[in-house]
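> I have a structure here, written as structure tokens, and I will follow up with some questions on it.
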Amino acid sequence: MLITGYSQNAESGLTNLISCSPGHRLLMTKFGPVDFLGSVTKQRTYEDLLPNTIEMEVAANLRVYVLNLELLIILKEEAGRDKDAAVIPILRRTLEESRKRDAGIS
């Protein structure tokens, strides 16, 4: 899962990490590894991506913003890397199933 956001848990020490740097941060936390991105491409900043995120509570008092699948697919297509191309069919299928579930279609 690509996470772009910040912790609202002062205990984790990650509060506002992204807003202070446009770079990439891979951190080990007590919740496991978390990949934080300050920007995804030269054209998109954290603030640009925020409207296309979903806020998730991943643990008590720990909230993160996760890119929605639509934008994640677009970004992986734009990146053009083999590792991204390999997961795009899986992400598309996941998005399709999610839309079916949301529409109540089996």
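> Percent of Cα-Cα pairs more than 19 Å apart in region 25-106, please.
Result: 51 percent of Cα pairs exceed 19 Å.
> Here is a further query. What are the principal axis extents of the Cα atoms in region 26-65, in Å, biggest first?
32, 20, 9
> Starting with the highest mean, order 69-77, 50-58, 97-105 by the number of other Cβ atoms within 10 Å, averaged over the residues of each peptide.
Top of the packing list down: 69-77, 50-58, 97-105.
Just so you know, all these numbers are worked out from the coordinates, no wet-lab data involved. Keep in mind the model is a prediction, meaning the values are calculated, not measured. Because the Cβ atoms are built from the backbone with ideal geometry, glycine has one as well, and the counts that use them run over all protein chains shown.
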